[in-house]
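These notes concern the structure reproduced below.
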Amino acid sequence: MMLLQIHEPGETPLPHENEKGLAVGIDLGTTNSVVAFARDQKAEVVRDARGIALVPSVVAYVDGAEPLVGELARRELLDRPEIVVSSIKRLMGRGTDELAKLGGQLPYELGPPAEGGMARLNVGGRLRTPVEISADILRAVKERAELALGRNVDRAVVTVPAYFDDAARTATRDAARLAGLEVLRLVAEPTAAALAYGLDSQAEGLYAVYDLGGGTFDFSLLRLERGVFQVLATGGDAALGGDDFDHAVAAKFLAERGGATDRAHLKQALATARLAKECLTTQDPWDGMLDLGDVESAHRLSRADLEALIAPLVDRTIGIARATLEDAGVEPGQLGGVVLVGGSTRVPLVRARVAEFFGKPPLTGIDPDEVVAVGAALQAEALTAGSDTLLLDVLPLSLGLETMGGIVEKVVERNTPIPVSRAQEFTTYQDGQSAMAIHVVQGEREMVDQCRSLARFVLDGIPPMVAGAARIRVAFSVDADGLLTVTAKESSTGVESRVEVKPSYGLTEEEMAAMLRASIDNAQDDMERRLLTEARVEARRAINAVQSALAADSDLLNEAEAARIAETIEAVERAMSGVDRAAIQGAAEELEHRTKPFAEKRMDRGIRKALSGRAVSDLGV
């Protein structure tokens, strides 16, 4: 079986392997990174001279020298922790003011933010953004591949967590460019894992991907059928992973030691905690020393101790999996299998809880540390050589526009397969309106103030018309990487405006998950608020229409008629100030009833004016 990728017209990449370097797949991980390549639909992971595939996602900045990446950087952690950065993926696309939301104590010194508000770290006297640090990791991974393959590598499919928002995706793409890599596509990590397993076993049916890495958790439900890989639903938490296991163990060690701690002590404690966790996968108990420079302390950790510390975190992953399945209307027993991804799935408690929840042992045929890179490599080959398998990803959150009253009109629903283009027509609210402000939002709630603002732009040049006469077509286009373009076009003149959503470094992925939970928890209240707002908007529209008619033809009314209409308008205004939707609708209907004779008089005047000075024979009757 071969792979197929759909592209927009004129955008199909050509298989110029002789003109360009090799295309590889890269799993840029929180804890470790892996690179692989594929030939004839067979993927191979690139290993070093010792046969090791994992490149620790750790960077050390030594004075006056090139950055150290991987195992060399990790060795500096105990001696000079102040020059070492790890787990930088959790900061991708985030602003300085967000870092406190990540949970746990950050073992970094923050510097002044970069342009646009992106976080910047002070590492060994160097100010580096997460994009620059990730670029150093990608550069080292690229060099490993070139050394092993003996040829230039300048193109890659890079994987990202399914819950990475536009800001984090853009930051990942920027990091790759800084490393000298052309990004053929950003692929969600669970999707890449499913691709690897689907091709390997020719499996069909419903499958789940449980991806617990160092810094993020993703859960995806996929349908594999006749060569089509479609993500049906996703859930996740980008502040939940093996790093949190390490923080829990490190906090226990530091509490047992006693005394104050600083960033350097925290980094050393985390390194020891990670070692203890990994050892407990195959042995029980673990005995070791925590060396904080000033004093050494002995510690013992049993597997039962570890499981007690991390059980709440593992339970959170199962809760997310349960909610995602419920969202898709799927029972655990309907799944053909559960694929494990990420080094943290080696923890015995994780595997036991997954097997318990799904009622079957998880699939572990491909190394969970390598499966994402394998899938990315297969996709890289597909993009450069062509194939006959379709890979469909989905939007994690709905996209829409703000309409009058702060209501959200969803244009592209969450879990829609991408790439996708959707359009919807809108109109003006006021007479003579010559411009329209377009506010693009993301989220599941019914009101704008409950969703995330993505972009704003203005469509100018709308010809002056009565309210509701103009036709503005707003089109949303989401490419295969999940990046958004919005276009607004007025139909009669062809005037057009567009925006490519350039994300600010703002939304955290745990906030994205929270947005989904909030949309479910508040569904009834949200809908009641929306309906109330819609009633107010329609009532205001009716008042505006009547007042516009009065301004033009009030002479058609006597004083008593004009007074009754004015009283009715006041009654509508009073109802609109309250929260009784039925009262608002009733008052608006009464206004329509009271003004019907006035509307008939205006129509008669209009007809007489149109017929004035014309013979009956001119009318063709």
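Give Lys142/Lys410; Lys489/Lys596; Lys42/Lys267; Lys42/Lys142; Lys142/Lys252 a once-over and call out the pairs whose C-alpha atoms are over 31 Å from each other.
On the way: Lys142/Lys410 41 Å; Lys489/Lys596 35 Å; Lys42/Lys267 39 Å; Lys42/Lys142 20 Å; Lys142/Lys252 38 Å.
Too far apart for the 31 Å limit: Lys142/Lys410; Lys489/Lys596; Lys42/Lys267; Lys142/Lys252.
Go ahead and run the numbers for FRET between Arg471 and Arg581, Cβ-Cβ distance against an R0 of 25 Å, rounding to 0.05.
0.30
What does the charge add up to near Val46, with Lys and Arg as +1, Asp and Glu as -1, over the other residues with Cβ less than 11 Å from its Cβ?
Once positives and negatives cancel, what remains is -2.
Enumerate the amide H contacts of Val339 below 5 Å, restricted to partners 5 or more residues apart or on another chain; note that Pro and chain-start residues carry no placed amide H.
Ala208, Val209, Tyr210, Leu363
Between Arg39 and Arg574, what is the label-point separation in nm under the 7 Å Cα-to-beta-carbon projection?
8.5 nm
Once R0 is set to 25 Å, what does the formula 1/(1 + (r/R0)^6) return for the Cβ-Cβ distance between Arg177 and Val62, expressed as a FRET efficiency to the nearest 0.05?
0.50
For segment 451-496 and segment 334-374, compute the distance between their C-alpha centroids and round to whole Å.
Segment 451-496 and segment 334-374 have Cα centres separated by 44 Å.
What list of ³J(HN,Hα) couplings, whole Hz, do you get for segment 459-470 from phi and the Karplus terms 6.51, -1.76, 1.60, once you set θ to phi - 60° and write x for glycine and proline?
Values per residue, Gly and Pro as x: 9, 9, x, 6, x, x, 9, 5, 4, x, 8, 5 Hz.
Suppose the chain between Ser453 and Arg80 were pulled fully straight at 0.36 nm per residue; how much longer would it get relative to their current alpha carbon spacing?
Going from the current span to full extension adds 130.1 nm.
Would you grab the residues whose amide H sits under 5 Å from the one on Val495? Only those 5+ places off in sequence or on another chain, please, with H modelled 1.01 Å from N.
Here Glu490 satisfy the definition.
Quote to one decimal, in nm, the extra length available between Ala566 and Leu149 on full extension: 0.36 nm per residue of separation minus the C-alpha distance between them. Could the numbers behind the result be given before it?
On the way: separation 417, 0.36 × 417 = 150.12 nm, distance 8.27 nm.
Full extension from Ala566 to Leu149 adds 141.9 nm.
Scan around Ala469 for amide H atoms under 5 Å from its own, H built in the peptide plane at 1.01 Å from N, and keep only partners 5 or more places away or cross-chain.
Long-range HN contacts for Ala469: Thr428.
Using 1/(1 + (r/R0)^6) with R0 = 60 angstrom and r between the beta carbons of Ala49 and Val495, what's the FRET efficiency to the nearest 0.05?
0.45
How large is ³J(HN,Hα) for each residue in segment 361-370, as worked out from phi by the Karplus curve 6.51 cos²θ - 1.76 cosθ + 1.60 (θ = phi - 60°), to whole Hz, x for Gly and Pro?
Result, ordered by residue: x, x, 7, 9, x, 10, 3, x, 6, 10 Hz.
Report the relative contact order of segment 521-611, percent, no decimals, based on alpha-carbon pairs under 8 angstrom and at least 6 residues apart.
37 percent
Arrange the peptides 270-280, 595-605 so that the one whose residues have, on average, the most other Cβ atoms within 10 Å appears first.
Details: 270-280: 21.2, 595-605: 14.0.
Descending mean neighbour count gives 270-280, 595-605.
Test of understanding: extend the Cα→C-beta vector of Ser554 to 7 Å, then name every residue of segment 574-598 with backbone N under 17 Å from that spot.
Within reach of a label on Ser554: 595, 598.
In nm, to one decimal, how far is the modelled label at Ser434 from the one at Asp525, with both set 7 Å along Cα→Cβ?
Label at Ser434, label at Asp525, 4.4 nm between them.
Every read-out reported here was derived from the displayed coordinates using simple, explicitly stated rules and does not represent laboratory data. Since this is a predicted model, take the numbers as computed values, not measurements. With ideal geometry, Cβ positions are generated from the backbone for all residues, glycine too; neighbour counts draw on all protein chains shown.
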